[in-house]
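Accompanying notes for the structure given below.
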Amino acid sequence: MSTVHCEIHGQGKPLVMLHGWAMHSGIWRDFALQLAEHCQVICLDLPGHGRSAAVEPFALAQIATALIQAIPVKRFSVLGWSLGATVAVDMAARFPERVDRLLLLAGNPKFVQADDWPGVKAEVLDSFAAQLSGDARLTLQRFLGLQVQGLPDAKQLLQRLRQAIQACDAPDQQALKGGLDVLKHSDLRQLVAELQCSISVIQGDKDTLIPTKTAQAVQILNPRVAVDVLKNAGHVPFLSHPQQLCDIILAAL
């Protein structure tokens, strides 16, 4: 069994938070504490990230199993951001008896663009994967830059992102490449169509990684999906629009 790092804040309805690629739960600690004034927040480091032990292979089945064993409550809502959203969808489908609600923040069931699906071009992920073998640090810096690209306060947000991730060592190359593989190859659209739990999709209209068209595409898969689009927000609305995002999440809960 993998050892998963878990931090718990507040009391009330439990909300599990799953971070994105190359990050750790400290990336949104301030936002988690804001939410914890209203509910119980359970922040997990994905396997091989932050202070969590790795799993082999870094694949959705192994990730979800490791995480579910670390969650100390029987039923919970789960908020997944970016890669964490992909993991959250898989967790909800794999353990429906545990997951009450699913909130996808800047994420979707199929990360990569296809003829019938808006998303990131596969070449972007391939470029990250190729660069990892050369200079992993530079690759991560480029990824951070993409998350705030085009925002008026991009410089300040980028600085906050850098400071937050430096609290832990970067994941090793196996976890980083595994995360990119999950993003590139996962197609969980059928799972979303069949899920019976409540689903909310939250996106920023300035997100350079997740097109806003994705939210509408998810809603076509499952008409019960609720969609909120934050104006002038990018890929990290928990840093740029914390109060608006907090209000949306609490309303969903």
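Every read-out reported here was derived from the displayed coordinates using simple, explicitly stated rules and does not represent laboratory data. Here the structure is a predicted model, which is why all the values come from computation and not from measurement. All Cβ positions, even for glycine, are placed from backbone atoms using ideal geometry, and neighbour counts span all protein chains on display.
Counted over the chain, the DSSP beta bridges are approximately 15% antiparallel.
Summarised as an ellipsoid, the stretch 1-88 has semi-axes of 20, 13, 11 Å, derived from the eigenvalues of the Cα gyration tensor scaled by 5 and square-rooted, with the largest first. For the stretch 133-230, the square roots a ≥ b ≥ c of the C-alpha gyration tensor eigenvalues yield an a/c of 1.5 or more together with a/b not exceeding b/c, which makes the shape oblate.
Fewest-first ordering of Val112, Val225, Val16, Val73 by other beta carbons within 10 Å of each residue's beta carbon gives Val73, Val112, Val225, Val16. A simple charge model with +1 on the Cβ of Lys and Arg, -1 on the Cβ of Asp and Glu and nothing else charged puts the dipole of the chain at about 260 debye relative to its Cα centre.
List the pairs from Lys184/Lys206; Lys13/Lys177; Lys74/Lys213; Lys177/Lys231; Lys155/Lys184 whose alpha-carbon separation is above 26 Å, in the order I gave them. Too far apart for the 26 Å limit: Lys13/Lys177; Lys74/Lys213; Lys177/Lys231; Lys155/Lys184. When Ser198, Ser82 are arranged by Cβ crowding within 10 Å, least crowded first, meaning fewest neighbours, the order is Ser198, Ser82. Cβ crowding within 10 Å, taken as a proxy for footprinting-reagent exposure, orders His9, His24, His49 from fewest neighbours to most as His9, His24, His49. Comparing Phe111, Phe76, Phe143 in a Gaussian network model of the chain (Cα springs below 10 Å), the most mobile by mean-square fluctuation is Phe143.
Over 25 Å, how big is the tail of the calculated P(r) for the chain, in percent of all Cα pairs? Summing the P(r) of the chain above 25 Å gives 36 percent of all pairs. Evaluating 6.51 cos²θ - 1.76 cosθ + 1.60 at θ = phi - 60° for every residue in the stretch 141-153, the Karplus couplings come out as 5, 5, 5, 4, x, 5, 5, 10, 4, x, 8, x, 10 Hz, glycine and proline recorded as x. Cα convex hull, the stretch 72-200: 138 Å³ per residue, rounded to a whole number.
Loop-resident trypsin sites (Lys or Arg not before Pro) (DSSP state other than H, G, I, E or B) in the stretch 1-82 with no more than 11 further Cβ atoms inside 10 Å of their Cβ: Lys74. Counting only DSSP H runs of at least 4 residues, each contributing -39500 (n - 2.57), and dividing by the residue count of the chain, the helix-based mean residue ellipticity at 222 nm comes to -12500 deg cm²/dmol. Each residue of the stretch 37-42 was assigned a 3J(HN,Hα) from its phi angle through the Karplus curve 6.51 cos²θ - 1.76 cosθ + 1.60 (θ = phi - 60°); the sequence is 6, 10, 7, 8, 10, 10 Hz, with glycine and proline shown as x.
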